[in-house]
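Let me give you the structure first, and then I'll get to my questions.
Read-outs throughout are calculated quantities, based only on the coordinates presented, and are distinct from any laboratory measurement. Note that the structure is a prediction, hence the values are computed from the model and not measured. Neighbour counts are summed over all protein chains in view; Cβ atoms, including those assigned to glycine, are modelled from backbone coordinates with ideal geometry.
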Amino acid sequence: MDGVLVGKRIIGAQAPVTIGWENIPRVEGGPVKRFIFTYFQPVMFFAAILFWYYAPNSIAVASTAIGIGIAFRVLLLALEWVNPRHKSWTLTWKELITDLFYVGLGYTVLRMVDAYIGDGVIIDAILSSYDWSKLDWFTSMPLLLQAILISFMFDFGQYWMHRGMHNWYPLWATHAPHHYITQLNINKGAVGNPIELFLIGLGIGGFFDFLPRAVLLAGAFGMTVSIYQHINVRFNTPAWWRFLFNTTEHHSVHHSQDYEATRSNYSGTWIIIDRMFGTCIDGEAELLGMEGGRRMPVHETMLYTPREWYRAGRKWLRKRLPQPTAVPAE
Ligand SMILES: [Zn+2]
């Protein structure tokens, strides 16, 4: 395989990656189907913004956001069934059951852990030690601008956390299991070692307690943009969206079996952050995973991170501790 030169890097030398929007297939079928899969993403995006902008205070609460989020996932699952992106990514019973295990794990255990030692504690500390009137300049800005800034700043942090995971071994050990997925579908964002989900989830939950409306509005960006990272649906995504926001196409390149291709498209919502730092690749990939597409079993996913930390720590210590010199036998 020759690969394609993107910037200074050869992409797709190890595994096939399609580069450039002009080479990506369009939605096939009748006019109704093409209409739906062209306008679904922007319509849902603007509907969510209008809803969170105008909903009365009694409805605009975190529990409504969680409920809408679950209903939206079910709707997207139906879209995957109607218009899959790749036949090879079709959901099997085995995939679905293991996915639901991780989704359930994410909803229960991580929420508890997060509340006790994660953002709950951090947010409480920040709330009690900071003079919040200093933030009046922020909260007096237009609501939509606040929401865009919150979403952008949060994603900026996620970008560097994710990029760090791909460049520093102790962090990579938490993220590697997620890169063993061999297909994308709506539940795949939850698949991985729980320690990674904790790192990624840090800072999400506790923010619900203050600046509620702007944060809920920022959450709508996440729900109607970054959710498409892991989905098996073919859309005719508008050009402005692909320029500004992350897409399934971008994220499939990130999950490609081609090593160079995985070192791109780190952001969750704002792909423009990748454009700013020169890590964006516009394209898509069908062949995903690590080690030629080996499917990592659940028990290995659970044990992977602590095991790799132990191995790396032992190696690190051995290099630094004085080695016992051999005593000649008498
Ligand atoms: Zn990654």
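Give me the percent of Cα-Cα pairs in the chain that sit more than 25 Å apart, rounded to a whole number. Could the numbers behind the result be given before it?
Details: 30156 of 54285 pairs.
In whole percent, the long-distance tail amounts to 56.
Using a Gaussian network model of the chain with C-alpha springs under 10 Å, which one of Gly12, Gly20, Gly293 is most mobile by mean-square fluctuation?
Gly20
Express in nm, to one decimal, how much length is gained between Phe101 and Arg320 on full extension, taking 0.36 nm for each residue of separation and deducting their alpha carbon distance.
Values: separation 219, 0.36 × 219 = 78.84 nm, distance 4.07 nm.
Contour length minus the Cα-Cα distance gives 74.8 nm.
Let me ask something additional. Given 0.36 nm per residue, what is the gain on full extension from Glu28 to Val82 after removing their alpha carbon distance, in nm? Write out the running numbers ahead of the final one.
Numbers: separation 54, 0.36 × 54 = 19.44 nm, distance 1.16 nm.
Contour length minus the Cα-Cα distance gives 18.3 nm.
When the chain is modelled as a GNM with alpha-carbon springs shorter than 10 Å, which of Ala190, Ala173, Ala47 fluctuates the most?
Ala47
Suppose every K and R has +1 on its Cβ and every D and E has -1 on its Cβ; what is the size of the dipole of the chain about the Cα centre, in Debye to the nearest 20?
On the way: 27 positive and 25 negative charges, 91 e Å.
Charge dipole of the chain: 440 debye, to the nearest 20.
If you don't mind, another one. Using the charge dipole of the chain (Lys, Arg: +1 at Cβ; Asp, Glu: -1 at Cβ; taken about the Cα centre), state which of Leu317, Leu105, Gly69 has its Cα farthest towards the positive end.
Leu317
May I pose another question? Calculate log10 I(q)/I(0) of region 124-198 for q = 0.13 Å⁻¹, where I(q) comes from the Debye formula with a single equal point scatterer on each Cα and nothing for solvent.
-0.64
Taking the dipole about the Cα centre of the chain, with the C-beta of Lys and Arg at +1 and of Asp and Glu at -1, give me whichever of Gly283, Thr269, Ile59 is farthest to the positive side.
Of the listed residues, the answer is Gly283.
Further, regarding this structure: Order 283-292, 80-89, 259-268 from most to least packed using the mean count of other Cβ atoms within 10 Å.
Details: 283-292: 19.3, 80-89: 15.7, 259-268: 22.7.
Ranking, from highest mean packing down: 259-268, 283-292, 80-89.
Amide H of Ile281: which non-local residues (sequence gap of 5 or more, or other chain) have their own amide H closer than 5 Å, using H built in the peptide plane?
Hits under the 5 Å cutoff: Asn265.
Turning to a different aspect of this structure: When a/c reaches 1.5 or more, the comparison of a/b and b/c decides; with that in mind, is region 1-114 rounded, prolate or oblate per its Cα gyration tensor?
Numbers: a/c = 1.84, a/b = 1.45, b/c = 1.27.
Verdict is prolate for region 1-114.
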